[in-house]
Structures are given as structure tokens and as C-alpha cells.
1. Please report the relative contact order for the chain, taking Cα pairs under 8 Å with a sequence separation of at least 6, and give it as a percent rounded to a whole number.
2. Compute the acute angle (0 to 90°) between the alpha-carbon long axis of helix 299-310 and the principal axis of greatest extent of the alpha-carbon atoms of the chain; round to the nearest 10°.
3. Antiparallel versus total DSSP beta bridges in region 180-381: what percent is that, nearest 5?
4. May I ask for the angle, rounded to the nearest 10°, between helix 171-185 and the longest principal axis of the chain, with both axes built from Cα atoms and the value confined to 0 to 90°?
5. Which percent of the accessible area of region 308-395 is formed by carbon and sulfur heavy atoms (probe 1.4 angstrom)?
6. Roughly how many nanometres apart are two label points built 7 Å out from the Cα toward the Cβ at GLN189 and GLU99?
7. Scattering from the C-alpha atoms of the chain alone, worked out with Debye: what is log10 I(q)/I(0) at q = 0.08, 0.12 1/Å?
8. On a 1.4 Å probe surface of the protein chains, which of THR242, THR280 comes out largest in accessible area, and what is the full order?
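The values are calculated or read from the model by the stated rules, or taken from the named source; none is laboratory data. Predicted model only: the values in this text are computed from it and were never measured. Because the Cβ atoms are built from the backbone with ideal geometry, glycine has one as well, and the counts that use them run over all protein chains shown. When the accessible area is computed, the model is the full protein with side chains, heavy atoms only, and any ligands, DNA or RNA have been set aside. Shrake-Rupley method; radii C 1.70, N 1.55, O 1.52, S 1.80 Å.
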Amino acid sequence: MVMKKGLNTVDLDGKSAIMRADFNVPLDKEGRITDDTRIRAALPSINYLMEKCSKLILMSHLGRPKGQIYEEMRLAPVGKRLSELLGKDVIVCRESVGEETKKIISGMQSGDVVLLENLRFHKEEEENDPGFAKTLAMYADVYVNDAFGTAHRAHASTEGIAHYLPAVAGFLMEKEINFLGRLVHQPEQPYMAIIGGAKVSTKIGVLEKLIDKVGALIIGGGMAYTFLKAKGFEVGRSIVETGKVNLAFELIKKADEKGIKLLLPLDHIVTDNIEEDGKTRIVDTNAIPESMIGVDIGPKTIRAYKKEIKHGKTVLWNGPMGIFEIEKFSKGTNQIARALAACAGITVVGGGDSVAAVNKIGVADKISHVSTGGGASLELLEGRELPGIKALQDL
Ligand code: ADP
Ligand code: MG
């Protein structure tokens, strides 16, 4: 595993730093931030840089403006929240590059913090345009990347800029690389992965990689039905990816050959109506009625999965066990979250929806690492090199 330089390996004394953060926060219709987790996650690096550097410039994207300016995607609300959290004024630019910004930057006083406007208002950002990257690089002496959530994209602010400045990882980035890297390179056994979510197709890369690493692969959620179909079970109207049944079959075969436990649901919560007031029943895997849809793992499955998780020295969880957005179908997901929280081993949760589930039931602080990057964490777990990490200086 290639180690990357972190914040405490560079001399920042009196220098100016430009840091890419992931401030892509959810906003309501009035432009208020509904969840500031991502801003808070960048605070350790920001506070450190404020202490060491003379000047700090922060940058991020927000939403998908695709090279155009949208008033509702401006970073002003982020700047406001940031100054509240830092107890200090944050100067917010109305553009990321341009004359006005140039003037603000050159007029920065020692101790100033500047936030650039949404980078994706310029199409050059996502095109990884060298000119755009160079302009950003000219704002500072050192580049810091703390935006793990966009590290799988080679954009000007995540990859291009690193060619023009000393480039190091922020604390959040370092933590993500350390925890996820450990799962790829030296997981302590027994290592088990619980994979759920709607589809097999979005998780194929990870499943194929994990099968070479884990002692047990635990499957739940919608994707379980493609596996059950591959084993010859009737799954009623449950979600099945017909085109992926063969692949599921191959994975089952591979697990068998390698002596890896592949756990599939033993029972299910089924309904004929995916709504809060839908009638539900508990049925065994061999008795899913033709007219019913599997929406959560059943009590026997929960017990079996919990028993397995208890012994894990390393446990990865990605993807909910059922349609957890509906309270009535969220028990399996909640119980798995609790099992992880209770596990004494190293526990890692990745994926937007599984992370949301962990936060919702309030056990995030009992998980060793809750990843901030959905797509990025999956790509890293697939063993791929992420461009935003690759571009940083080797230790
Ligand atoms: P993550 O974001 O954690 O990686 P995914 O995005 O892969 O997870 O999957 C989350 C989605 O999977 C949720 O919207 C959930 O409703 C859906 N899902 C889980 N179980 C089922 C099921 N049995 N049938 C249909 N959808 C399901
Ligand atoms: Mg998701």
C-alpha cells in the first residue's frame, strides 16, 4: 500500500494553503443546510491549518450545476455555517476564479480564511482543465485534499491542481485511506462483509474483490433475491436482476470452492404493498408467496447474522438489509447497525444509505469508521487507485 503525505509531514509555517473539502451538503428549499456533517468532518484539518498557516483558502463543489451558475447552489450558506463553527469570519467569494477572486486573495491578511464559490460553476473543474487547475494552484503555496467523497473523480481541484503544488492529504482523507486501506491490504481475520442494498449490479466490483478477502460474506437487502433465484428459490415479486442471476451463481460457486461462508436470508418480511400501512408477513426463504415482495430480512436471519457479526475482528457493512426508509421494513437494517455497534472488532460502514441508517439510530460513535464517501469508498474497496489520492505526494 502506497502511503501518502499527511498534514503533519509538511512545513506549513507562515505559508498559505488551499484545501479541497467536500462541502456538498443537503439544502432545503429556503437554502438552509439540513445536515452539516460534511462541514464538521473537515474541521480538524481546517483548525490545524488555521493554526499553522498564515492564510487558508477553502474550495468545494455543491450539487451538479454542470458548468453553469445556479443561485441555489452557491456556497454562501456553507460559508455562514463555517464561520459559526469556527467562531471566525469566513470571506466568501462569488466565483472560484476571476478578477474579483484574484483581488480578494491578493488582499488576504494573515489569519484570513477564504471560501471560493462552487467549483462546478465552471465546466473546467470536471474536465480537469490544466489552466483552471493552475489558476487555483496560484492562490497558495501548499495543496491539501480532504475531500475523500470526490477522490474517485479526476477533477481540476482533486487531481489537476496536485501537479502544480506540494500536495498532501488532510486528516479526514488520511483516516479514510487508513481504515479502508486496511480492509483491502491487511484485514484482521475473521473478516466479514455484510452487503445489501437494492441491486447486485452496483456492488459487483466489491463483491468480486471481497470474495478473495473475507471469511464470510453476508448478503441482505434487495440483492439477496438475485442470489436466492440463483439457488433455485421462488422469490415472488421481490426485486431480481434477471441479467445478474448467472453472476450470483458464479459468486456462490466461488465462495463454496474457497470455503467462504456465504450467508443468505433464511426468512423475510414480505408485503404486497410497499407502504407504511402495507400488510406484512414473516415467511421462510422456501415459502415466499408468488404475490408478495421481500422488503426486509426476517427474525431468524437477524439472529443468524448477529451471531456471525459478534465474532468479527474486522466487519464491513455496505447497503441496508431492507427498504429501511419505511419504518415498518427497517428492523433488519437497524438490528445490523446495532450488531456492528456492539462488535468489539474494527467496524467500518460505507455507502450513503447505510451511513444514514447508522446516523438515524444514533450508533455512529460506536462504529470504528463511518466513511464519508459512498462511491469513493466502494472504488477503494474494489482495490482501485483513486485519482485524487494517487495525485498526492508519496510518503
Ligand atoms: P448504500 O447507499 O448504503 O450503498 P444502496 O444505495 O446500494 O445502499 O441501497 C439502498 C437502497 O436499497 C435503499 O433505497 C433501500 O430501500 C433499497 N433496498 C433494500 N432492500 C430492498 C429490497 N428488499 N427491495 C427493494 N429495495 C431494497
Ligand atoms: Mg445509496
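1. 16 percent
2. Compared with the principal axis, the helix lies near 50 degrees.
3. 30 percent
4. Helix 171-185 sits roughly 40 degrees off the main axis of the chain.
5. Carbon and sulfur together cover 50 percent of it.
6. Roughly 6.7 nm, to one decimal.
7. Listed by q, the Debye log ratios stand at -0.47, -0.94.
8. Details: THR242 115, THR280 60 Å².
Putting THR242, THR280 in descending order of accessible area: THR242, THR280.
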